1. Conditions first: (1) within 21 Å of Pro22 (Cα to Cα); (2) within 18 Å of the chain's Cα centre (by Cα). Glu205 passes all but one, so which condition is the exception?
2. So in region 71-105, with the set limited to residues that are in contact with a Gly (Cβ under 9 Å, 6 or more places away or on another chain), among the aliphatic types (A, V, I, L, M) and assigned to a strand (DSSP E or B), which one is nearest to Ala157 (Cα to Cα)?
3. For region 52-65, enumerate the residues that are part of a loop (DSSP other than H, G, I, E, B) and closer than 16 Å to Met267 by Cα.
4. Under 7 Å by Cβ, and 6 or more places apart or on different chains, what pairs join a residue from region 105-134 that is more than 14 Å from Arg87 (Cα to Cα) with one that is of a type in the set (D, E, K, R) and in a loop (DSSP other than H, G, I, E, B)?
5. Looking at Val215, Val198, Val237, which one is farther than 21 Å from Ser42 by Cβ and among the β-branched types (Val, Ile, Thr)?
6. Taking Ser68 as the residue in question, decide whether it is modelled with pLDDT of 95 or more and either exposed (fewer than 14 other Cβ atoms within 10 Å of the Cβ) or part of a loop (DSSP other than H, G, I, E, B) (or both).
7. Out of the residues in region 249-273 that are part of a strand (DSSP E or B) and over 10 Å from the mean Cα position of the chain (by Cα), state the one that is surrounded by the fewest Cβ atoms within 10 Å (Cβ to Cβ).
8. What number goes with the only condition from (1) surrounded by 16 or more Cβ atoms within 10 Å (Cβ to Cβ); (2) closer than 22 Å to Met266 by Cβ that Arg87 does not pass?
Amino acid sequence: MLQILFALGFASAAFAAGANGPIAQHQQLTWEHDAPWFGGLSGVEMRADGKQLTAISDRGRIIVADLSRDALGTLTGMEIIHSVALRDKNGAVMDKPEADAEGLAIAPDGSIFISYEGDHRIARTNLADGTPLQFIAPPEGALLRNNAGFEALAVDATGALYALPEDNRGDQIPLYKYQDGTWRIATYLENDSPFVPVGADFDDEGRLYLLERTVTPLGFRTRLRRIELSGGQASAVTLLQTLPARYDNLEALTVWRDAIGRTRVMMISDDNFLSVQETQVIELTITQ
């Protein structure tokens, strides 16, 4: 099937939190594919070498794509090599609202975890055929509404799952941790802005990267924060915060380290299957 990647240009550290912000390189692309199921990408994970990604769609699909890069590591092509519909516990292909996959995390042992909205749950999933292998119920008391569940899902180096609810109406956001069959609140993040969590990932130093989004009359705004977790406390640094309409509806986030030791970030937008939106692929290099 036809796949097209349009380069939209580069930007400098001017898009970071400050004039001398921590973003050294910025690449923006539009990803197009002629399959009717392509779109609505809401979660992504990168292979350690930066040359393959796994992504999910909020219409209930998981895909794997090989990535082409030049000698400098710049993204030049994306080819989908595997695609399968996500299935329910009976093996049937899911439809809305059960198919609303929002968060993706891949554990060190290769286990794939997907969080769903609507019927809120997390499923350990078979990549080959999209069937669930295990269900994890949300923590008791978590604030989860119909279209605002665990959009931000991540797994650390020990295999522990972390989840953040999208809907937060208090002054703190609970960061939930699931390990050894039990949920607990690892810490709280300050909820001091209109931004809500939509994507998360850990780097190889154990720092949590959090992608957040808000909607304004002029378009979407994006914020990217890096969070140090230590002793039950959280210390956050804003790496990127945009004005309205700088990007589309960025929801998917993945972090990895490239061949020359740079921390790299990819963010992908959910186009909502609307012609007025697009699947944007944003790559950043973090230097601080």
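1. (2)
2. Ala105
3. Matches in region 52-65: Asp58 only.
4. Close Cβ pairs satisfying both conditions: Glu117/Asp100; Gly118/Glu98; Gly118/Asp100.
5. Sole residue among the options that is farther than 21 Å from Ser42 by Cβ and among the β-branched types (Val, Ile, Thr): Val237.
6. Judged against the criteria, Ser68 is a match.
7. Filtering first and then ranking leaves Arg257.
8. Just one mismatch for Arg87, condition (2).
The values are calculated or read from the model by the stated rules, or taken from the named source; none is laboratory data. Please read these numbers as outputs of a predicted model, since none were measured by experiment. FYI the Cβ positions are ideal-geometry reconstructions off the backbone, even for glycines, and counts take in every protein chain you see.
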